[in-house]
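**Student:** Below is a structure I'd like to ask you about.
The values are calculated or read from the model by the stated rules, or taken from the named source; none is laboratory data. Predicted, not measured: the structure shown is a model, and the values here were computed from it. Because the Cβ atoms are built from the backbone with ideal geometry, glycine has one as well, and the counts that use them run over all protein chains shown.
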Amino acid sequence: MNIPFIDVKTQNKELKKRLLKRAGNIIDNADFIFGEDVKCFEKEFSAYCKSRFAVGVNSGTDALFLALLSLGVGPGDEVICPVYTYIATAFSVSYTGAKPVFADIDEKTFTISPQDLEKKITKKTKAVIVVHLYGQPAQMQEIIRIAKKHNIKVIEDAAQSHGAKVKNKKGQWRYTGAIGDIGCFSFYPTKNLGCCGDGGLVVTNNKRIYERLLMLRDQGRKGKNRYLHYIKGYNSRLDSIQAAFLREKLTMLDKWNEMRRKNAHLYSRLLSNIDGVITPFEPIDKYHVFHIYALLVKNRGRVYKELKARGVNAGIVYHCPLHLQKAYKELKYRRGDFPAAERVSKEILCLPMHAHLSKKQIYFIVKKIKECLFR
Ligand SMILES: *Cc1c(COP(=O)(O)O)cnc(C)c1O
């Protein structure tokens with residue numbers, strides 16, 4: 001048996017006929033840019049996560065970049081983000097001319113540490129980007145309390161957490177992305193909700209931010225006249241064809257997330273109480289959607305290689321925290337500056353995870369892990 005880390009093919013096979021029919025309609029109508037499907041998808045997605053407004057854009061990276069611009073972030077400002085995330089979280093800050101400032105993570109949830117976040121706030125801090133890493137919701141209650149106290153905005157990077165939820169004090173579930181000031185999503189094909197190419201989206205409850213985002217994604221236009229430009233905008237639109245595919249897949253998201261959770265819970269049950277292995281932490285007030293199923297394992301490098309030799313393609317997401325990336329050498333951080341992120345990056349081992357992973361595959365993977373650990 002050879003088990004891939006991710007499998008996008010199976011999910012698209014299931015939907016292929018429906019996707020092709022939708023693409024066919026758009027080709028027949030030449031409704032490629034800002035078609036009906038874009039409007040409908042924005043409505044359906046904002047209704048899904050219970051946010052007032054949604055703006056489709058061309059990637060998750062641009063969702064973050066335009067979100068920052070819509071808040072007026074620019075040169076001279078600082079934006080705090082976790083040091084352990086995908087690089088685009090920090091790049092989006094750099095594109096605006098502002099300076100990314102890193103905060104360490106909480107070792108249990110792998111999301112930003114509220115304590116370290118508060119320590120990093122200065123007079124220049126405009127916003128914090130919180131990442132719901134691997135599909136695990138960040139500690140939003142704590143983070144929002146800190147943000148309010150210091151008058152900074154909260155942007156949620158929900159690129160890995162479509163459909164993930166947090167229970168509030170009143171016992172109501174709230175969707176990640178729709179809790180802070182702005183939420184940013186990616187529809188890169190391997191995400192929990194992915195299109196067949198690049199795509200992204202921003203949600204907000206704030207009408208002024210929404211109106212700015214509409215101009216920012218479409219060359220600074222507003223209103224009917226195509227050749228009047230009110231601000232220096234960008235070309236960052238979500239294609240009609242991608243929006244149409246996403247409408248189809250959005251109807252499957254809850255089911256696919258449930259399948260991911262079932263797979264994750266089986267892994268955790270089979271891997272619990274093994275010396276040197278820590279399974280994902282799941283607080284009862286969080287609905288984790290397992291974009292990635294991540295273990296902490298001693299001797300990670302050896303286990304990773306030996307699993308591969310046995311036909312199990314695990315992943316290491318991520319082996320280098322942002323402060324040690326060459327791209328950020330000008331920030332002059334050093335090894336040792338972020339102990340939790342550094343430890344996690346040395347021990348993280350991500351097992352194959354997608355909705356269509358079978359029970360048989362999971363048993364096989366677990367058997368191979370045990371072979372590697374107790375050889
Ligand atoms: C995927 C991802 C992004 C970027 O999304 P793209 O659509 O690839 O631009 C940003 N942040 C996180 C945490 C991601 O996982």
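**Student:** Any idea which of 331, 351 is at pLDDT 95 or above and under 21 Å from residue 292 (Cβ atoms)?
**Tutor:** Details: 331 fails: under 21 Å from residue 292 (Cβ atoms).
That would be 351, the only listed residue that is at pLDDT 95 or above and under 21 Å from residue 292 (Cβ atoms).
**Student:** Among the residues of the stretch 53-109, what is the count of those that are part of a strand (DSSP E or B), among the aliphatic types (A, V, I, L, M) and over 30 Å from residue 32 (Cβ atoms)?
**Tutor:** Of the residues in the stretch 53-109, 5 are part of a strand (DSSP E or B), among the aliphatic types (A, V, I, L, M) and over 30 Å from residue 32 (Cβ atoms).
Matching residues to (1) at pLDDT 95 or above; (2) more than 16 Å from residue 346 (Cα to Cα); (3) more than 16 Å from the ligand (Cβ to nearest atom):
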position: 276; (1), (2), (3): no, no, yes
position: 285; (1), (2), (3): yes, yes, yes
position: 288; (1), (2), (3): yes, yes, no
position: 291; (1), (2), (3): yes, yes, no
position: 295; (1), (2), (3): yes, no, yes
position: 298; (1), (2), (3): no, no, yes
position: 305; (1), (2), (3): yes, no, yes
position: 309; (1), (2), (3): yes, yes, yes
position: 316; (1), (2), (3): yes, no, no
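**Student:** Test residue 230 against the stated conditions and say whether it is away from the ligand (no atom under 16 Å from the Cβ), at pLDDT 95 or above, among the aromatic types (Phe, Trp, Tyr) and over 28 Å from residue 134 (Cβ atoms).
**Tutor:** Numbers: away from the ligand (no atom under 16 Å from the Cβ): yes; at pLDDT 95 or above: yes; among the aromatic types (Phe, Trp, Tyr): yes; over 28 Å from residue 134 (Cβ atoms): yes.
It is true that residue 230 is away from the ligand (no atom under 16 Å from the Cβ), at pLDDT 95 or above, among the aromatic types (Phe, Trp, Tyr) and over 28 Å from residue 134 (Cβ atoms).
**Student:** For the stretch 160-185, how many residues meet the condition of being within 10 Å of the ligand (Cβ to nearest atom) and closer than 16 Å to residue 51 by Cβ? Let's see the steps before the verdict.
**Tutor:** So the first thing to find is which residues in the stretch 160-185 are within 10 Å of the ligand (Cβ to nearest atom), and the list is 160-161, 184-185.
Among the residues that remain, those that are also closer than 16 Å to residue 51 by Cβ are: 161, 184-185.
Of the residues in that region, 3 qualify.
**Student:** Oh, and also: For the stretch 236-244, state whether one or more residues are away from the ligand (no atom under 16 Å from the Cβ), in contact with a strand residue (DSSP E or B) (Cβ under 9 Å, 6 or more places away or on another chain) and closer than 30 Å to residue 17 by Cα.
**Tutor:** yes
**Student:** Picking from 40, 49, which residue would you name as being more than 16 Å from the ligand (Cβ to nearest atom), in contact (Cβ under 8 Å) with a residue 60 or more places away in the chain and either on the phi > 0 side of the Ramachandran plot or out of contact with any helix residue (DSSP H, G or I) (no Cβ under 8 Å at 6 or more places or on another chain) (or both)? Spell out the reasoning first.
**Tutor:** Details: 40 fails: either on the phi > 0 side of the Ramachandran plot or out of contact with any helix residue (DSSP H, G or I) (no Cβ under 8 Å at 6 or more places or on another chain) (or both).
Result: 49 is the single residue among 40, 49 that is more than 16 Å from the ligand (Cβ to nearest atom), in contact (Cβ under 8 Å) with a residue 60 or more places away in the chain and either on the phi > 0 side of the Ramachandran plot or out of contact with any helix residue (DSSP H, G or I) (no Cβ under 8 Å at 6 or more places or on another chain) (or both).
**Student:** Could you name every one of the strands (runs of 3 or more DSSP E) located completely within the stretch 141-184 that has at least 3 residues being closer than 22 Å to residue 118 by Cβ?
**Tutor:** Details: elements: 153-157, 165-167, 173-175.
Once the strands (runs of 3 or more DSSP E) in the stretch 141-184 are filtered for at least 3 residues that are closer than 22 Å to residue 118 by Cβ, what remains is 153-157.
**Student:** Between 254, 198, which is within 16 Å of the ligand (Cβ to nearest atom), surrounded by fewer than 24 Cβ atoms within 10 Å (Cβ to Cβ) and acidic (Asp, Glu)? Quick ask: steps written out before the conclusion?
**Tutor:** Numbers: 254 fails: within 16 Å of the ligand (Cβ to nearest atom).
198 is the lone residue from the list that is within 16 Å of the ligand (Cβ to nearest atom), surrounded by fewer than 24 Cβ atoms within 10 Å (Cβ to Cβ) and acidic (Asp, Glu).
**Student:** Let me ask you something else. Only helices (runs of 4 or more DSSP H) wholly contained in the stretch 268-375 count here; list those with 1 or more residues that are surrounded by 19 or more Cβ atoms within 10 Å (Cβ to Cβ), among the aliphatic types (A, V, I, L, M) and more than 25 Å from the chain's Cα centre (by Cα).
**Tutor:** Details: elements: 300-309, 339-347, 359-373.
Once the helices (runs of 4 or more DSSP H) in the stretch 268-375 are filtered for at least 1 residues that are surrounded by 19 or more Cβ atoms within 10 Å (Cβ to Cβ), among the aliphatic types (A, V, I, L, M) and more than 25 Å from the chain's Cα centre (by Cα), what remains is 300-309, 359-373.
**Student:** Quick one: which of 79, 73 is among the β-branched types (Val, Ile, Thr), farther than 28 Å from residue 251 by Cα and away from the ligand (no atom under 16 Å from the Cβ)? Before you say what the answer is, go through the steps one by one.
**Tutor:** Details: 79 fails: away from the ligand (no atom under 16 Å from the Cβ).
One residue alone meets the criteria, 73.
**Student:** Report, ordered by the first and then the second residue, all pairs with beta carbons closer than 7 Å, sequence separation of six or more or different chains, a first member in the stretch 54-69 that is more than 16 Å from residue 239 (Cβ to Cβ), and a second member that is among the basic types (Lys, Arg) and more than 9 Å from the ligand (Cβ to nearest atom).
**Tutor:** Sorted first by the residue in the stretch 54-69, then by its partner, the pairs are 66/217.
**Student:** Give just the number: which of (1) within 16 Å of the ligand (Cβ to nearest atom); (2) within 21 Å of residue 69 (Cα to Cα) does residue 214 not satisfy?
**Tutor:** (1)
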